[in-house]
Structure formats: structure tokens, C-alpha cells
Amino acid sequence: MLDVLNNGVLLGRPQVAVRQYEAQWRQLLADVHARPLPPCPTEGFVLPIQTDPLGSPLVSVVLTHYNRPKLLQQALESLERQTFRNFEVVLVDDGSTDAEAIKFLSELSWTWWQERGWKVLREPNRYLGAARNTGAKHARGKYILFMDDDDVAKAEQVEWMARVAELTGADVVTTGHELFSGRSMPQPHKATARYVPLGPALNNGVLKNVFGDSNMLVHRQFFIDSGGFTEEYGVGFEDYEFLAKVVTRDNHLEGCAQPLHWYRQHPGTMSLYTDLKAGQVRYLRAYLEVFSYLPRMTQNLIRYARTTFFNLGTFNERD
């Protein structure tokens, strides 16, 4: 609606009050939550089954761990219940110091190697980006599925993510997840929220991670060619930065709406004690590296995000 003031100045004003917009938005979210989510486009698609016990698996699950053996056991239990079995697990311990964790890892490494050829890798504490890169170097699968020790996979996670990747030829597949609290195994009726990725939404991703989370499936060769995760100690958002690079370089990202894993919220969650501003700088770097090639609207959003929304200051647009 346009209003004309006495001095002839045109003012643009919303036709609907702010409270009405908020009510409509809440109703939209309620409708989305109430309706069953459409399935990923994989109906009737059959994954290749590995019949050669010495051959490479289709998927390598790279599972990172630090001083949380009881949560790690739950993550491993969820992998044991997968509907698709053509995968290996590469567990990377990021410098655990807890005696219980060290004992559990020692016992696990011997059993795994003897029975399955799965790996337990131990290295000094270098943080998530470095730990995931280490796991990727030792992965044998066509795809790598990244997972943290406090996550819990739903039974169909590996199967459905691999199906989407095989069917679409995606470089990266992300999915929705359900959030829960506590240190026990999640129960469907105790989900506190649901995260649904938008996929390669370039502009939305400037202000919020709409691409997916660290529980992503990546084509292994693509991951190697792209350089993997950046390695910065004590800073989060390495997954956000990686996904932003995928989208800003026009690579193939598929975001699947179905919640295929559980995301645990607890006091030890890394996002609660890492520097938020440093994380924001980290993922915006993915945009700034190709700034001159981005659409004008995206460039304007980046300027706004840095100077106003995140208060990070200006930058040299020629960089």
C-alpha cells in the first residue's frame, strides 16, 4: 500500500499488520509440521549390494569422538540397526583423555579389526575439521557419511541417503533431523523440534544454515578434490562453511526433508562453547572467496550480514 504525505513523498507501508504476519507465519509452520513430509525421490530404486567381502563398501561412516564413551555406544548401536549393511565405520578419536573412553576404544579397535576390518584411529586433539579429514583419508567407500558421537542414526539413514546420492548423482546429500535432550536414547514422542534443510538456497544461507548439518553424505572423490574441511582449532561451523562452499561453487547439493537422524542437545554440545562470531567469519569466508561472481542480491545480503546483522565490520570486496 502506498501513502502520499502532504509534501508529496510516497511511503510504502505493509497492507497487513506485523502481528497478522506473525500469526500467518506460525500457522504455516503448524501446517508444515502437521502434514506428512513427501518421501525422497528414491521409491523403487535398489542400491548395489556388495557381495565380495574383500571389496570396498558403498558407504564409509566417519564417526568422530571425544571423551563421550556412553554416547558413542548409543551412536554405534544406531549404526548396528541400519537397514542397509554395505558400509564400514571409521572411528576417529580426537585425543580423548578420559580413562573410560580410552579403555572402550582399545577394546573396540581389536574387535572391529578382527571381525569386520573397521578402523579406530587415535590422534592428538585437533578439533572436528581435522578429525573428519583424517577419517576421510582412511575411508574406502564411494561415499562418506559424517557422524558425531552424540548423534543417533535412524534405521534407514544410510540406505536413504545413499539412494538419493545414487539416483541424483549429488556431490553432497543432507537431510532433516529431529532434536532431543538428555543422555538416553531418543524416543519419537520426546522430539523437541525438527530441522528441515532448504537445500542449495544461496541467499538464505548467508544469514542461517539452511543447507544441512554435519551429518552429511559426500561423494568421497568430490570431498578429496574440494580439499575437505578447513582445520581451525576451537572454532565451529566447519560443516556450515563446507556446505556454503558447495553451494557457492554451483556443485550438486541435495537436501532431503525427511528427518533421518537424531540431534542431541546437551551441555557438552560444541556449539554452546565455541566462539559464535569466529564461526560466522568462518562460513562467510566461503561467500567472500567468490564474492565478485555472486548475484547482486547475494552480495548485498553479505554486506548487510557482516556490517549490521553480525557486526563483523567491512571487508575488501576485491578479495
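Bear in mind that the values in this text are calculations on the coordinates, not laboratory data. In this text, all values refer to a predicted model and were calculated from it rather than measured experimentally. Counting neighbours? That spans all protein chains shown, and the Cβs are built from the backbone with ideal geometry, glycine included.
Computed quantities for the displayed model
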read-out	value
Amide H contacts under 5 Å for MET216, placed H, 5+ residues apart	PHE146
For peptides 101-107, 140-146, 236-242, 181-187, sequence by mean Cβ density within 10 Å, most packed first	236-242, 140-146, 101-107, 181-187
Under-5 Å amide H pairs with VAL92, H placed in peptide plane, nonlocal only	LEU63, THR64, HIS65, LEU121
Computed log₁₀ I(q)/I(0) - Debye formula, equal Cα scatterers, no solvent, region 59-287, q 0.10, 0.12 Å⁻¹	-0.41, -0.61
Rel. contact order, % - alpha carbon contacts under 8 angstrom, at least six apart, region 92-224	24 percent
Pairwise centroid distance, computed over Cα atoms, of region 77-127 with region 161-194, Å	21 Å
Whole-Hz couplings from phi, Karplus 6.51/-1.76/1.60, listed for region 119-125; x for Gly and Pro	10, 10, 10, 10, 8, x, 5
